[in-house]
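Participant: First the structure, then my questions, so here it is.
Read-outs: derived from the displayed coordinates by stated rules, not from any lab. This structure is a prediction, so every number in the text was calculated from the model and none was measured. Here Cβ is always computed from backbone atoms with ideal geometry, including for glycine, and neighbour counts include all displayed protein chains.
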Amino acid sequence: MFVSSMAGDWLTMPAAAFRAFVSHELPDDSPYLADLQARHLAVVDVSKSSLAPLLSQYRSRKSYLMGGQALHIFVVSLRCHHTCSYCQVSRQGVNAQAFDLADSPAELAVERLFDWPSHELTIEFQGGEPMLNFEQVMRITRLIVARNQQEGRALRFVLASTLHDLTEEQLDFLAEHRFKLSTSLDGPEWLHNANRPRPGRDSYRRTIEGIERGRRRLGDDAVSALTTLTKLSLAVPEEIIDEYRKLGLHSISLRPLSPYGFATKTVSRTGYATSDYLTFYKRAFEHLVAVNQSGYAMDESYAALLLSQLFTSFGHGYVDLRSPSGAGLGAVIYDYDGRVYPSDEARMLAAMGDPTWCLGDVSQPVSAWLESPAMASVLFAGVAEALPTCSDCAYVPMCGADPVEHYARQRDTVGHRPTSDFCQRNMGLFDFLLERFEKGSAEDQRLMQRWAMRQDPVEEALHVAA
Ligand code: SF4
């Protein structure tokens, strides 16, 4: 049995010992009782016990609440050169300039950015393809940097782009402001080009050139890549990982398709069940272990995040696995038309014609967004510890609530966990990682603990790329 405390400290114990524990029949000299006490799961002598250590652990794990809204995504254009069938943002053609963020809402969005109290601000530019409105990326960056002269916040800039056709002038600007680049690379050439068509069928070549140019100018660590997994990808986990290794990348993010944008229209061609994703993931994990054992260090970002939740007591910056939800409480999205959303998925739903999650627009004060019906819905269904099934789940201290995804998939913000893809995915991965750790060799266990402790921010590697 996996037994966890409210602060996420845990142990595993035989079912018989667990049953004896919950019926108050565990003998005083049981080694499990000592372990349960040390992990604040049992109090034997009330006069000698204190809740202080448990509360301190709880505060550390939820430390993201104190940080406030740290991730701010500026959608500078919905235009894109690609016609990906799994596109989640309902992109527009390259000449559709009506879908670019104009100067006036951009200026108001920068003002609103500084209305938030967070000391650390990550500003991520997204699209469509943000390079198609690079003038606005530069303008917003300069406005933010100028305003920050008085504000003194810690700024971090990220560009989520295909990185195609990067020019030296653009790289100079990105280097000056120490941008991190996040791109999409779906695997080997045949797979990437099949997933991401564009005229000339040269998306792979252009992406590789962009990654290399970006790394040469900004440094190896400044460029990360994400995969989007289609049905085609599920058959070739080894090929995808080997491609990342060939390019000298030390981290891969194996994320499933989300139910937004064009992905909803092509689900029969590109989509798959969560059980198929988990089968793929387990195969990919074994290959990653073999790659690491051969001497090449590479981790998987989502496994690193879940392992950090299991093996450390720290909070994290990843907004999609938090309770209370990271939507609106950890992230804010300023869309190309000046509307504001609590998560990237919320703006994707709006692009599909469903504005349920719109907080308001950049002409309004932040307080109006926080009082909006959309924010009330996030808060209503955004605390996992208070949701049906989650409230009884031993993984809840490490898991999160995602009302927007449950609304998108089940038309219900609370959602039904036994049929929830979000739950099946997270529970399946927690089960797998725990079992893999327990049955793994000492070398495998060391590897998983290293992933849990990795220094660079996991959330950055998990951001949505163009
Ligand atoms: S979503 Fe599933 S795995 Fe996560 S806490 Fe809820 S019931 Fe547990």
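Participant: Among the residues of segment 299-319, write down those that are hydrophobic (A, V, I, L, M, F, W, C) and within 12 Å of the chain's Cα centre (by Cα).
Facilitator: Of everything in segment 299-319, those that are hydrophobic (A, V, I, L, M, F, W, C) and within 12 Å of the chain's Cα centre (by Cα) turn out to be Ala303, Ala304, Leu305, Leu306, Val319.
Participant: Do we have Cys390 as buried (at least 19 other Cβ atoms within 10 Å of the Cβ), under 17 Å from Met6 (Cβ atoms) and of a type outside the set (A, V, I, L, M) here?
Facilitator: yes
Participant: Now, a different point. How many residues does segment 23-50 hold that are free of Cβ contacts under 8 Å to residues at least 24 places away in the same chain, in a loop (DSSP other than H, G, I, E, B) and closer than 22 Å to Phe2 by Cα?
Facilitator: Going through segment 23-50 one residue at a time, the tally reaches 11.
Participant: Considering only segment 283-302, state which residues are over 17 Å from Leu257 (Cα atoms) and assigned to a helix (DSSP H, G or I).
Facilitator: Result: Arg283, Phe285, Glu286, His287, Leu288, Val289, Ala290, Val291, Asn292, Gln293.
Participant: What number of residues within segment 324-344 are buried (at least 24 other Cβ atoms within 10 Å of the Cβ) and either within 16 Å of the ligand (Cβ to nearest atom) or free of Cβ contacts under 8 Å to residues at least 40 places away in the same chain (or both)?
Facilitator: 4
Participant: With the checklist (1) in a loop (DSSP other than H, G, I, E, B); (2) within 16 Å of the ligand (Cβ to nearest atom) in hand, flag the one item Gly317 doesn't pass.
Facilitator: Evaluating Gly317 over (1) in a loop (DSSP other than H, G, I, E, B); (2) within 16 Å of the ligand (Cβ to nearest atom) leaves (2) as the failure.
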